[in-house]
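So the structure is just underneath, and the comments pick up after that.
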Amino acid sequence: MPRRYWLVKTEPEAFSYDDLLRAPRRTAGWDGVRNYQARNYLRDEMKKGDGVLVYYSNADPKAVVGTAEVVREGYPDPTQFDAKDDHHDPGSTPDQPRWFQVDLRAVEKLAHPVTLERIKRAPELKGMGLVRPGNRLSVQPVTEAEFRAVLKLSQSAG
C-alpha cells in the first residue's frame with residue numbers, strides 16, 4: 001500500500017515538537033483527540049510509515065514546525081479511561097473504546113517553520129484541507145504533493 005501523508009495539530013503549551021523530540025526514542029502517543037472524523041483517521045487510516053506534518057494550531061504564528069512518522073497504528077487512547085485526565089470519557093470502556101491514538105516518532109524539526117500565512121499564499125497549497133473554511137480537524141490527510149511543498153517552503157525563511 002502506498003505511503004500516505006497527514007497533518008496533526010497541537011498546541012505548543014500542551015505538547016510541543018520539542019516535547020516529541022525529548023520523548024524516549026523521540027516517540028509519543030498522539031492522544032487526546034476527541035473528534036469522530038479525526039478518530040476515524042487515527043483508528044482506520046493512519047499506517048506505519050506514513051509521513052506527518054506537525055502543526056501548531058493555537059500559537060503565534062500558526063505554523064508547521066516539524067515532521068514525524070507513524071510508528072504504531074491505531075490503538076485505544078488510554079487517557080479516555082483515566083478519570084484524572086482532562087480527556088477522560090466516562091462513556092468509553094476498555095471493552096468498547098471510543099477514542100484511538102497512534103504513536104508518532106519525530107523525524108525533523110523544520111529549519112524555518114511554515115506559517116499558515118505562507119501556506120495560504122502558496123498556489124500549490126490552495127486546495128490543502130488546512131486552508132479550507134470550516135476545516136478544524138486536528139488530524140487531516142494531505143497529499144504527497146502538499147507534504148513536499150510544505151517541506152520545500154521550510155527551506156527558506158518567508
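The values are calculated or read from the model by the stated rules, or taken from the named source; none is laboratory data. These numbers were taken from a predicted model, which means no experiment stands behind them. FYI the Cβ positions are ideal-geometry reconstructions off the backbone, even for glycines, and counts take in every protein chain you see. Side chains included, ligands, DNA and RNA excluded: accessible areas come from the protein's heavy atoms. Shrake-Rupley method; radii C 1.70, N 1.55, O 1.52, S 1.80 Å.
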Scan the stretch 54-62 and give yes if some residue there is of a type outside the set (Ser, Thr, Tyr), open to solvent by less than 40 Å² (accessible area, probe 1.4 Å) and under 14 Å from THR10 (Cβ atoms), otherwise no.
-> yes
Say whether the condition of being touching a Ser or Thr at 6+ places or on another chain (Cβ under 7 Å), open to solvent by less than 20 Å² (accessible area, probe 1.4 Å) and of a type in the set (A, V, I, L, M, F, W, C) is met by at least one residue in the stretch 16-30.
-> no
Selection over the stretch 68-111 where residues are under 15 Å from MET46 (Cα atoms) and in a strand (DSSP E or B) yields a count of 15
VAL107: open to solvent by less than 50 Å² (accessible area, probe 1.4 Å), at pLDDT 95 or above and among the β-branched types (Val, Ile, Thr), yes or no?
-> no
What about ALA38, is it at pLDDT 95 or above, more than 25 Å from ALA145 (Cα to Cα) and touching a strand residue (DSSP E or B) at 6+ places or on another chain (Cβ under 7 Å)?
-> no
Of (1) touching a residue at least 60 places away in the same chain (Cβ under 8 Å); (2) under 11 Å from the mean Cα position of the chain (by Cα); (3) under 14 Å from SER138 (Cβ atoms), VAL54 satisfies all except one. Which?
-> (1)
Return yes or no: is GLN80 open to solvent by less than 10 Å² (accessible area, probe 1.4 Å) and farther than 30 Å from ALA149 by Cα?
-> yes
Name the one entry in VAL131, VAL71 that is in contact with a Leu (Cβ under 9 Å, 6 or more places away or on another chain) and free of Cβ contacts under 8 Å to residues at least 24 places away in the same chain.
-> VAL131
